[in-house]
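A.B. asks: Please find one structure pasted underneath; my questions will follow.
The values are calculated or read from the model by the stated rules, or taken from the named source; none is laboratory data. If you're wondering where the values come from, they're calculated on a predicted model, not measured in any experiment. Because the Cβ atoms are built from the backbone with ideal geometry, glycine has one as well, and the counts that use them run over all protein chains shown. Areas reflect the complete protein model, heavy atoms only, side chains present, ligands, DNA and RNA absent. Shrake-Rupley method; radii C 1.70, N 1.55, O 1.52, S 1.80 Å.
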Amino acid sequence: DIEVSPPDSEYDSSIEASYKMGDQQVKETFTVQKTGENFLLYDITQDVNLETIRSRTLPMQINGVGVTSDSVDLFPGSYVFTSGSKYIAYGGGPMVITSPNDFARAYDHRPAITKAGTKAVVAAAKAKLSGCAKVAKFKPSGCPFLNIRENPGQNISESSLRRRIVGNPFSNVEPQTDYQDPSIAEFRITVRWTASASGTQNGQSARFEIPNATDFTTVRARLTNDPIKVIFGR
């Protein structure tokens, strides 16, 4: 549905036109410049700055084409931003540029974790925490919490150590992307746990109990990895 209005004179440097971009009706004035015997459009693309959303750690594709710079020239049209990962996506839906003079808000398309990403990160964190709790060690590897230390006079048998996670530390968690590295998802959890073990106290057989312990930890995962692996940190 392209309609171009004739110029008022041969010396006119602008042309009025109307057309449809999808279902949207657009009316625009185009500057033209005579080159030889022809009049050509002076501006044909929109320079879109991607500095606010593009990261060196997260791939970006526009309509399937890889982006390698912080600025792209886009013709009028509809553009979809993708990361190549089901766990993280560029938000805001398609970027629609109605004309070369249109203003494109790249910030609306900043990356965010998807529902699949949230589910995968939480599932990986649950599995890792469960594995840590099952390790009969005072300091389970990869878990900078759940730690147990002996007091003077105690000799605790590590092999007898049993831990139990109390409640669900992952209820209502909302992983967010790291501001400086959007390929990283992170969130904090509060871990409540109990423990029991056997051993000796001052040379006498004894039973040891930790009835109520609480630890706080940060969960981080790189969303560009599949499967997701999480890291616990303080």
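A.B. asks: Nearest 10 degrees is fine. How inclined is helix 115-134 to the longest principal axis of the chain, computing both from alpha carbons?
C.D. replies: Its long axis makes an angle of about 10 degrees.
A.B. asks: Measure off, as a whole percent, the carbon and sulfur share of the 1.4 Å-probe accessible area of segment 111-234, all protein chains present. Show your work: numbers first, answer last.
C.D. replies: Details: 3470 of 7190 Å².
Within segment 111-234, the accessible surface is 48 percent carbon and sulfur.
A.B. asks: Taking +1 at the Cβ of each Lys and Arg and -1 at the Cβ of each Asp and Glu, which of THR57, VAL80, PRO227 sits farthest along the dipole of the chain towards its positive end, judged by Cα position relative to the Cα centre?
C.D. replies: PRO227
A.B. asks: Cross-link candidates for LYS115: which aspartates and glutamates have Cα within less than 20 Å, leaving aside residues fewer than 8 places away along the same chain?
C.D. replies: GLU174, ASP178, ASP181, GLU186, ASP226
A.B. asks: Right, next: Could you rank the peptides 69-80, 99-110, 23-34 by their average count of other C-beta atoms within 10 Å per residue, with the highest value first? Please report the intermediate quantities before stating the final value.
C.D. replies: Values: 69-80: 14.1, 99-110: 15.8, 23-34: 12.2.
Highest to lowest by the protection proxy: 99-110, 69-80, 23-34.
A.B. asks: Need the list of lysines near LYS128 for cross-linking: C-alpha distance under 17 angstrom, and skip anything on the same chain fewer than eight residues off.
C.D. replies: Straight-line reach from LYS128, under 17 Å: LYS119, LYS137, LYS139, LYS229.
A.B. asks: Given a 1.4 angstrom probe, what's the average accessible area per residue across the chain, in square angstrom?
C.D. replies: Values: 14370 Å² over 234 residues.
Accessible surface, normalised per residue, equals 61 Å².
A.B. asks: Any idea what diffusion coefficient segment 126-220 gets from Stokes-Einstein, in µm²/s, Kirkwood Rh on alpha carbon pairs, 10 °C, 1.306 mPa s?
C.D. replies: Working: Rh = 14.9 Å.
This corresponds to a translational diffusion coefficient of 107 µm²/s.
A.B. asks: Separate question: What is the percent carbon and sulfur in the accessible area of segment 1-56, measuring with a 1.4 Å probe over the protein chains and ignoring ligands? Write down the numbers at each step before the final one.
C.D. replies: Working: 1960 of 4440 Å².
Its accessible area is 44 percent carbon and sulfur atoms.
A.B. asks: Can you tell me how the chain classifies by the Cα gyration tensor, rounded, prolate or oblate, using a/c under 1.5 as the rounded cut? Intermediate values should be presented prior to the final figure.
C.D. replies: On the way: a/c = 5.63, a/b = 4.62, b/c = 1.22.
The shape class here is prolate.
A.B. asks: If you bin every alpha carbon distance in segment 106-156 into 5 Å steps from zero, what whole percent lands in each bin?
C.D. replies: Bin by bin from 0 Å, the calculated values are 4, 16, 16, 13, 13, 10, 8, 7, 5, 4, 2, 1, 1.
A.B. asks: What residues qualify as long-range amide H neighbours of ALA206, i.e. H under 5 Å apart, gap of 5 or more or another chain, H built at 1.01 Å from N?
C.D. replies: Excluding prolines and chain starts, which carry no amide H, the hits are GLY199, THR200, GLN201.
A.B. asks: Decide, for segment 1-60, between rounded, prolate and oblate: order the square roots of the alpha carbon gyration tensor eigenvalues as a ≥ b ≥ c, take rounded if a/c falls under 1.5, and otherwise choose prolate if a/b is larger than b/c, else oblate. Provide the component values of the computation, followed by the final result.
C.D. replies: Numbers: a/c = 3.88, a/b = 1.90, b/c = 2.04.
It comes out oblate by the Cα gyration axes.
A.B. asks: Quick one: how many Å² of ASP8 are accessible to a 1.4 Å probe, rounded to 10?
C.D. replies: About 140 Å², rounded to the nearest 10.
A.B. asks: Here is a further query. How big, on average over all directions, is the shadow cast by the Cα convex hull of segment 1-136, in nm²? Walk me through the numbers before you get to the answer.
C.D. replies: Numbers: hull surface 45.8 nm².
For segment 1-136, averaging the hull's shadow over all directions gives 11.4 nm².
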